[in-house]
Amino acid sequence: MNKRIWQKMGEEFDNNIPRLTAMYVKEEDGTQAFAYPTGESKLGYNFDFSIKTGYDLVPKFKFDFAVYEYPSIMGILGPNRALFKKQTYYPSMIKREFEYTNLPLMGTERLGRVYDKSLTWSFDVTCRTEGKVFDKNIFSVLSAEEEFTVKQKDNGLLLTFDDMTYHIAFQDNISIGLYTNEVLMKEDLKQNKVSTAESGRYLVMMQHITLKPMEQTEIVIGLSATDIKHAKKALNTKDFEKRIAKVWNDWFNSLPVVSLDNKKEEKVYYKCWTVVKNNYYDHPEWGHSITEALPVYKGIWQWAIPSVEWHSEQNTEYTSEWIKKAMDMMMDSQRQDGYITHAIYIDEKVPGERWGRGSTIQTPHFPWTAVRYYHATGDLESLRRWFGPLKKYYEYINYSRDEVFRNLHLWAITTSYDTGLDTTSAFQRVTYGEEGIPKEKYCYPAIFGAERYRYELALAEMAKLLGEDPETYRSEAKKTKKAMNRYLWDDEKKWFGVLHEDGELDTRVGVDGLFSLVYDVVDQDRIQDMKPNFERLIGPYGIRTVAEGEKGFREDVYWRGPCWPKACSLGMHICKKHYPDLAEKAYDAVIKMCLSYPSIWECYNVRTGELARSDHGFVCTPGVSSNVGAGDIMGTLFEYRGLAMYDMDMAIPLVPMERFHHKGLRISVTPSEDKWEIFAQAAEKESAEVEFKGENGKQKVLLTSGETVTVSD
């Protein structure tokens, strides 16, 4: 057991890190509430409790420590300025070494979840005066965009907003003031006093501090959205970091173990799991769920489904529970015409109702994810329940994305957002128009041709598992493969292109063409022809979405050239399957990218490692859970280590996986010369037939919980 994983997860950051936050702390796993640094030169945090999806949502309130002091050394009321020598983000804790420019105070500040359902905010302070006692009142300020009321009892405060309450506890007695505006607040503070209105937007907390030269003290504030009891419990700072570390290390050590060669990839691996856990949400009706990205995207997205399955399958706390629930909700949202919603938000009364009014598809990975889910769990009933809706959805896409257009036995898109590759340059014409060319009604991209082929093969596999005839869907898949190689292959460019409404084949080397290699749509004799173009996508920081030099290439704009984690998982599968000599180069680039910033981000500049932007100009989103972040990077690591995440049959490589989950069993593999000892522990089932693959092919093994089986390759 590794007892120091949490300690190794510390990542330094500065106040300039953009886009809401990449560092945050939650009071409990299942809440959507989180606190994050303000990014100002103050010891302060924003507190967000929203369940809405959107960019730059206003936090509920901001809490700044020691904003003003009295008496001021300059004789005026000006905000105190804190400088940060070092700021480090750990799972469930932010730690900052600080010193004030105008106060003789310096030390270490921590905000962390020491106890569940609360946050502990502590300040280890040293007085840096020489021959003079520090004897002042300090004023901390909590401010909000809306008015609230405050009740004080003993050393605790109850804040009441229209839709919630919040609790704050202090070690010692404090005086409070409540103001409707900042002007009134400052007038009082200039006179070293506070006064209280019935309600207000500015809460002042006055504390008296007396310190001798070089004297040290600890100031602690307890915070809780639950009750004052939890806020007061949070005042106990004994073993602050040890308590947080133990909770995380216990979880980290329960997870699958991959043969990690160095500290860098180990950090990336557990970093991905941290992002996943930070996105847990206990929905009042759904129960356990995992949001897409806590700061921004709060729900489930259709194109995220495979990556959700990847991390759900290996999650020791909720093995495969979330992917099953997500699939059920998506299927339940199906309209009469067969359309399945593009996304479900956690604040919807009817799941999927918002996007269900439109027709955006997003790449429909459902059926092959369903097959993977079955092989991971043996849950045939869910597979049976999903089969009907997925056939109906298939018919809807066939009609709405092919038959009404050119009927090529491929799938078209009516906007780039259908693919999830929102703004890739090859699809600009169908979304905005391009360089004097008017917006087109549809185009046929390679990603959707490949996805149709994969969809049909998956329906065939579902039919076979359910005891039905799979041949109809296999026959359709053959037609799709033939059509794709006929209409979308560019023999001059050696890549798959986009067939525009006017009949032009527009070929730009990028992520659109990667799906043909991942899903084996491309004819075998063309795979090596595609290698030079594929290699153009590998850069210093990850795998590009569009190759440099292609029309419309932008190295720092969303899908027009930067690396997305989705491109990493696709690219690593291709390397391992078709171009193994490129795997090391691609893997090193992905690891380097993921260590550039705290958390896992949507997209990065492949040349510099800097964060990329959207077409609208704002910087990409941090903390993304599954589809554009942690799930796909985790999948990339698994792919590199021999576990084919894009395969449907789920055969497990004997090495180098050391521990993983499969069909309800926790399986450990120990190599021994030319044999492997396999030990299974029950998670949901007591026994299951599991297929392993080695150098000489595949073999099925019956694993029973508590027994060791020896297998030779």
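Give the angle, between 0 and 90 degrees and rounded to the nearest 10, that separates the Cα long axis of helix 240-252 from the longest principal axis of the Cα atoms of the chain.
Between helix and principal axis, roughly 10 degrees.
Once phi is turned into θ = phi - 60°, what whole-Hz ³J(HN,Hα) does the Karplus curve with 6.51, -1.76 and 1.60 give for every residue of region 528-535, x standing for Gly and Pro?
Taking θ as phi minus 60°, the curve returns 5, 5, 7, 4, x, 5, 4, 5 Hz for region 528-535.
Give the carbon-plus-sulfur fraction of the accessible surface of the chain in %, rounded to a whole number; probe 1.4 Å, heavy atoms of protein chains only.
Details: 12390 of 27190 Å².
Using a 1.4 Å probe with all protein chains present, the chain comes out at 46 percent carbon and sulfur.
Dividing the alpha-carbon Rg of region 159-213 by 2.2 N^0.38 Å yields what? Numbers along the way, then the final one.
Details: Rg = 13.2 Å, N = 55, 2.2 N^0.38 = 10.1 Å.
Cα-based Rg divided by the globular estimate yields 1.31.
Quick one: accessible area per residue over region 302-383, 1.4 Å probe, rounded to a whole number of Å²?
On the way: 2360 Å² over 82 residues.
Accessible area per residue, region 302-383: 29 Å².
Are there trypsin sites (Lys or Arg not before Pro) in region 213-262 that DSSP marks as loop and that have at most 12 other Cβ atoms within 10 Å, and which are they? Please report the intermediate quantities before stating the final value.
Values: sites: Lys229, Lys232, Lys233, Lys238, Lys242, Arg243, Lys246; in loops: Lys238.
Listed in order of number, the matching sites are Lys238.
Binning at 5 Å from 0, report for region 245-385 what percent of all alpha-carbon pair distances ends up in each bin.
2, 9, 18, 20, 20, 15, 8, 5, 2, 1, 0
Using the Karplus curve 6.51 cos²θ - 1.76 cosθ + 1.60 with θ = phi - 60°, work out ³J(HN,Hα) for each residue of region 447-461 in order, rounded to whole Hz, and write x for Gly and Pro.
Result, rounded to whole Hz: 4, 7, x, 5, 5, 5, 4, 5, 4, 5, 5, 5, 4, 4, 5.
Under a 5 Å amide H to amide H cut-off, with H placed in plane at 1.01 Å, what residues pair with Thr38 once short-range neighbours are removed?
Gly44, Tyr45, Asn46
Under the rule of at least 5 residues apart or a separate chain, name every residue whose amide H is placed under 5 Å from the amide H of Leu611.
For Leu611, whose amide H was placed from the backbone, the distant partners under 5 Å are Asn605.
Taking Cα atoms of region 468-537, Rg/Rh with Kirkwood Rh, to two decimals? Numbers along the way, then the final one.
Numbers: Rg = 13.3 Å, Rh = 13.0 Å.
Radius of gyration relative to Kirkwood radius: 1.02.
Any idea what the relative contact order of region 302-376 is, in percent, if you count C-alpha pairs under 8 Å spaced at least 6 apart?
Numbers: 89 pairs, mean separation 27.3, N = 75.
This gives 36 percent for region 302-376.
If each Cα of region 415-506 is one equal point scatterer, what is log10 of I(q)/I(0) from the Debye formula at q = 0.18, 0.20, 0.21, 0.22 Å⁻¹?
Values, matching the q order: -0.83, -0.93, -0.98, -1.03.
If packing is taken as the mean number of other Cβ atoms within 10 Å per residue, what is the order of 295-306, 150-161, highest first? Can you show the working numbers first?
Details: 295-306: 24.6, 150-161: 15.5.
The most tightly packed comes first, giving 295-306, 150-161.
To one decimal place, what Kirkwood hydrodynamic radius in Å is obtained for region 411-465 from all pairs of distinct Cα atoms? Intermediate values should be presented prior to the final figure.
Details: mean 1/r = 0.0817 Å⁻¹.
So the Kirkwood estimate lands at 12.2 Å.
In degrees from 0 to 90, rounded to the nearest 10, what is the angle of the helix 630-640 Cα long axis to the longest principal axis of the chain?
50 degrees
Please report, largest first and rounded to whole Å, the three semi-axes of the ellipsoid equivalent to region 1-144, where each semi-axis is the square root of five times an eigenvalue of the C-alpha gyration tensor. Let's see the in-between values first.
Details: eigenvalues 163, 76, 36 Å².
Equivalent-ellipsoid dimensions as semi-axes: 29, 19, 13 Å.
Check which residues have an amide H placed less than 5 Å from Cys443's amide H, if you skip close sequence neighbours.
Placed amide hydrogens put Ile413 under 5 Å from Cys443.
Using a 1.4 Å probe, what is the accessible area per residue for region 239-282, in Å²? Intermediate values should be presented prior to the final figure.
Numbers: 1640 Å² over 44 residues.
Solvent-accessible surface per residue comes out at 37 Å².
Using only Cα atoms, locate the centre of region 585-612 and the centre of region 57-73, then give the distance between them in Å, rounded to an integer.
Result: 35 Å between the Cα centres.
Taking Rh as the Kirkwood radius computed over C-alpha pairs, what is the Stokes-Einstein D of region 78-182 at 25 °C in a medium of viscosity 0.890 mPa s, expressed in µm² per second?
Numbers: Rh = 16.4 Å.
The Stokes-Einstein estimate is 150 µm²/s.
Which three lengths, in whole Å and largest first, does region 570-713 cover when its Cα atoms are put on their principal axes?
Result for region 570-713: principal-axis Cα extents of 56, 35, 24 Å.
Can you give the log10 of the normalised intensity I(q)/I(0) at q = 0.16, 0.19 Å⁻¹, computed with Debye over equal Cα scatterers of region 500-645?
Relative scattering, expressed as log10 I(q)/I(0), comes to -0.79, -1.10.
Please report, in debye to the nearest 20, how large the charge dipole of region 1-136 is about its Cα centre when each Lys and Arg carries +1 at its beta carbon and each Asp and Glu carries -1 there. Spell out each step's value before the answer.
On the way: 20 positive and 18 negative charges, 47 e Å.
For region 1-136, the charge dipole is close to 220 debye.
Report the Cα centroid-to-centroid distance between region 272-335 and region 99-123 in angstrom, as an integer.
If you average the Cα positions of each part, the centres end up 33 Å apart.
Taking θ as phi - 60°, what are the ³J(HN,Hα) couplings along region 604-610 by the Karplus curve (6.51, -1.76, 1.60), each to the nearest whole Hz, with x for Gly and Pro?
In residue order, the calculated couplings are 10, 5, 5, 7, 10, x, 6 Hz.
Keeping every protein chain present and rolling a 1.4 Å probe, give me the accessible area per residue for region 529-602 in Å². Please report the intermediate quantities before stating the final value.
Values: 2200 Å² over 74 residues.
Per residue, region 529-602 has an accessible area of 30 Å².
Give the relative contact order (percent, whole number) for region 271-324; include only Cα pairs under 8 Å separated by 6+ residues. Numbers along the way, then the final one.
On the way: 47 pairs, mean separation 11.7, N = 54.
Relative contact order for region 271-324 comes out at 22 percent.
So, in nm, how far is label Asn236 from label Ile76 when the simple model puts each one 7 Å beyond its Cα toward the Cβ?
Result: 4.7 nm between the two label points.
Fully extended, how many nm does the chain gain between Glu504 and Asp422 (0.36 nm per residue separation, minus their Cα-Cα distance)?
On the way: separation 82, 0.36 × 82 = 29.52 nm, distance 2.11 nm.
Using 0.36 nm per residue and subtracting the Cα-Cα distance, I get 27.4 nm.
Let me test this: with uniform point scatterers at the alpha carbons of region 118-160, what is the Debye-based log₁₀ I(q)/I(0) at q = 0.31 1/Å?
-1.25
When only C-alpha pairs under 8 Å and at least 6 residues apart count, what is the relative contact order of the chain, in percent?
Numbers: 1606 pairs, mean separation 75.2, N = 713.
Normalised by residue count, the contact order of the chain is 11 percent.
Helix-only estimate, please: 222 nm mean residue ellipticity of the chain, summing -39500 (n - 2.57) across DSSP H runs of length 4 or more and dividing by its residues, to the nearest 500. If you can, show how the numbers build up before the last one.
On the way: 17 runs with 198 residues, N = 713.
Rounded to the nearest 500, the figure is -8500 deg cm²/dmol.
What value does region 46-89 have for Rg/Rh, both radii from Cα atoms and Rh as Kirkwood defines it? Numbers along the way, then the final one.
Values: Rg = 15.9 Å, Rh = 13.9 Å.
We get a ratio of 1.14 for region 46-89.
Mind listing P(r) for the chain? All alpha-carbon pairs, 20 Å bins, whole percents.
Binned Cα distances yield the sequence 17, 46, 28, 9, 0.
Beyond 29 Å, what share of the Cα-Cα pairs of region 109-260 remains, rounded to the nearest whole percent? Show your work: numbers first, answer last.
Values: 3461 of 11476 pairs.
That fraction is 30 percent.
Please give the helix 565-577 orientation as an angle from the longest Cα principal axis of the chain, in degrees from 0 to 90, rounded to the nearest 10.
Long axis of 565-577 versus the principal axis of the chain: about 40 degrees.
Could you work out, for region 287-337, what percent of all Cα-Cα pairs fall into each 5 Å distance bin, beginning at 0 Å and stopping at the bin that holds the largest distance?
Percent of Cα pairs in each bin: 5, 20, 30, 24, 14, 5, 2, 0.
Tell me which aspartates and glutamates have Cα within less than 17 Å of Lys585's Cα, excluding those fewer than 8 residues away on the same chain?
In chain and number order, the partners are Asp261, Glu265, Glu535, Glu639.
Past 21 Å, Cα to Cα: identify those pairs from Lys117/Lys267; Lys324/Lys392; Lys325/Lys349; Lys95/Lys566; Lys8/Lys271, in the order given. Don't skip to the end; give the middle numbers.
Values: Lys117/Lys267 27 Å; Lys324/Lys392 19 Å; Lys325/Lys349 16 Å; Lys95/Lys566 31 Å; Lys8/Lys271 10 Å.
Pairs exceeding the cut-off: Lys117/Lys267; Lys95/Lys566.
Compute the FRET efficiency between Met164 and Leu184 as 1/(1 + (r/R0)^6), taking r as their Cβ-Cβ distance and R0 = 25 Å, and round to the nearest 0.05. Could the numbers behind the result be given before it?
Working: r = 25 Å, r/R0 = 1.00.
The computed FRET efficiency comes out at 0.50.
Rounded to the nearest 20 Debye, what is the dipole magnitude of the chain about its Cα centre when Lys and Arg each give +1 and Asp and Glu each give -1 at the C-beta? Don't skip to the answer; put the middle values down first.
On the way: 91 positive and 106 negative charges, 221 e Å.
Around 1060 debye, computed over the chain.
The values are calculated or read from the model by the stated rules, or taken from the named source; none is laboratory data. This structure is a prediction, so every number in the text was calculated from the model and none was measured. FYI the Cβ positions are ideal-geometry reconstructions off the backbone, even for glycines, and counts take in every protein chain you see. What goes into the accessible areas is simple: the full protein's heavy atoms, side chains included, and nothing from ligands, DNA or RNA. Shrake-Rupley method; radii C 1.70, N 1.55, O 1.52, S 1.80 Å.
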